[in-house]
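To start, the structure under review is shown below, and the notes come after it.
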């Protein structure tokens, strides 16, 4: 027995113009729009605000979102929501803006500190309406039951998991991807790859999540390179938007694995881009996990365009891992933790903390703190 949760999805060119109407359909009168300065500069926030005006809605703007959003930002965002009498939240941006929007919704409806909701199913009261508008092909947070927020006091990323966090509506407009730099396109795209692979091999995977994960991996493997190469490749942008959506649906229901558990922990201490950390860790985690599901590794190699005819499972699995490494090289992603500024002295502490992350539960192979330390050491250089 299993469940599959997802929001209403509106996908397609120009769909950002429907965001105000989406909020109105949910009964909103005053929307808090959560975003960041980069999205405002690109002009997408103004389009959303215009859509709210056309729908007859009042709107208040909160743009204090950082790359790795914190509990302090969640508190401030909640205060803005409450002080302005808002009754719905629309997040416009990457995973950071969406995670803060979700966190503010939790606090507005349930009170307390966001730390109180770390873990699985700790949200008691219904959230206000949530409409999410992703501006990267990456996080998948617009369809997921996750919010990841940095606990400033512990310097740790908290993973909050609840079906209450699944947004009401996700509006996915591939046109917004045209304003993203090659660098951001690369790092968010590698997050899509990681979502697809980790959800596919997760112990909680089901036939429904496998369909999403496999198609996401096939699309991202084919279209991430051209999407990085040109802002104006509309086909590549549309395919990467779909890959991100499907990978999000997969991991929201199958959860993830060791790469994300380690990445969340590192991201709580260092201001690294989440996708960059995943890009470095993923091949090492794949090597570790291979013995748990060699048949799935063979399948992943095929999905990534590798010819495995006549190869053993071991050789086919190695092709899958090599394909991920080659993709990272081709799009200019960092290849080691040391080049990102990670310090070896942090390995012991991070290895222990990573074991407590919710994503570690669904990793296909049992793992100890000592084994996490070995993987981090290998990824260091």
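The values are calculated or read from the model by the stated rules, or taken from the named source; none is laboratory data. Keep in mind that this is a model prediction, so the values were computed, not measured. So basically every Cβ, Gly included, is an ideal-geometry build from the backbone, and we count neighbours across all protein chains shown.
Structure summary
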| item | result |
| --- | --- |
| Exclusive hit being surrounded by fewer than 21 Cβ atoms within 10 Å (Cβ to Cβ), in contact with a helix residue (DSSP H, G or I) (Cβ under 8 Å, 6 or more places away or on another chain) and over 30 Å from residue 346 (Cβ atoms), set 87, 121, 173 | 121 |
| Set 244, 227, 199: member being in a helix (DSSP H, G or I), in contact with a strand residue (DSSP E or B) (Cβ under 8 Å, 6 or more places away or on another chain) and buried (at least 24 other Cβ atoms within 10 Å of the Cβ) | 244 |
| Whichever residue in region 342-355 is without any contact (Cβ under 8 Å) to a residue 60 or more places away in the chain and crowded, with 16+ Cβ neighbours inside 10 Å and, among such residues, is farthest from residue 286 (Cα to Cα) | 347 |
| Pairs, first more than 16 Å from residue 188 (Cβ to Cβ) in region 213-235, second crowded, with 18+ Cβ neighbours inside 10 Å, C-beta under 6 Å, six or more apart | 213/196; 213/199; 213/200; 213/250; 214/303; 215/246; 218/303 |
| When residues of region 284-296 are limited to those that are assigned to a helix (DSSP H, G or I) and in contact (Cβ under 8 Å) with a residue 60 or more places away in the chain, the one surrounded by the most Cβ atoms within 10 Å (Cβ to Cβ) | 285 |
| Candidate set from region 161-183 (those that are assigned to a strand (DSSP E or B) and modelled with pLDDT of 95 or more); member that is nearest to residue 19 (Cα to Cα) | 171 |
| Residue identified as within 19 Å of residue 180 (Cβ to Cβ) and in contact with a helix residue (DSSP H, G or I) (Cβ under 9 Å, 6 or more places away or on another chain) among 34, 54 | 34 |
| Out of 223, 232, sole residue that is in contact with a helix residue (DSSP H, G or I) (Cβ under 8 Å, 6 or more places away or on another chain), at pLDDT 95 or above, within 28 Å of residue 173 (Cβ to Cβ) and not assigned by TED's automatic domain parsing to the domain that holds residue 153 | 223 |
| Selection status of residue 313, under 16 Å from residue 202 (Cα atoms) and without any contact (Cβ under 8 Å) to a residue 24 or more places away in the chain | no |
| Qualifying residue in region 318-341 (condition: surrounded by 15 or more Cβ atoms within 10 Å (Cβ to Cβ) and more than 24 Å from the chain's Cα centre (by Cα)) | yes |
| Residue among 347, 361 that alone is over 23 Å from residue 189 (Cα atoms), within 22 Å of the chain's Cα centre (by Cα) and in a helix (DSSP H, G or I) | 361 |
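Table: residues versus (1) in contact with a strand residue (DSSP E or B) (Cβ under 8 Å, 6 or more places away or on another chain); (2) outside the structural domain of residue 168 (by TED's automatic domain parsing); (3) closer than 20 Å to residue 274 by Cβ.
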| site | (1), (2), (3) |
| --- | --- |
| 92 | yes, no, yes |
| 101 | yes, no, yes |
| 114 | yes, no, yes |
| 121 | yes, no, no |
| 125 | no, no, no |
| 128 | yes, no, no |
| 135 | yes, no, yes |
| 146 | yes, no, yes |
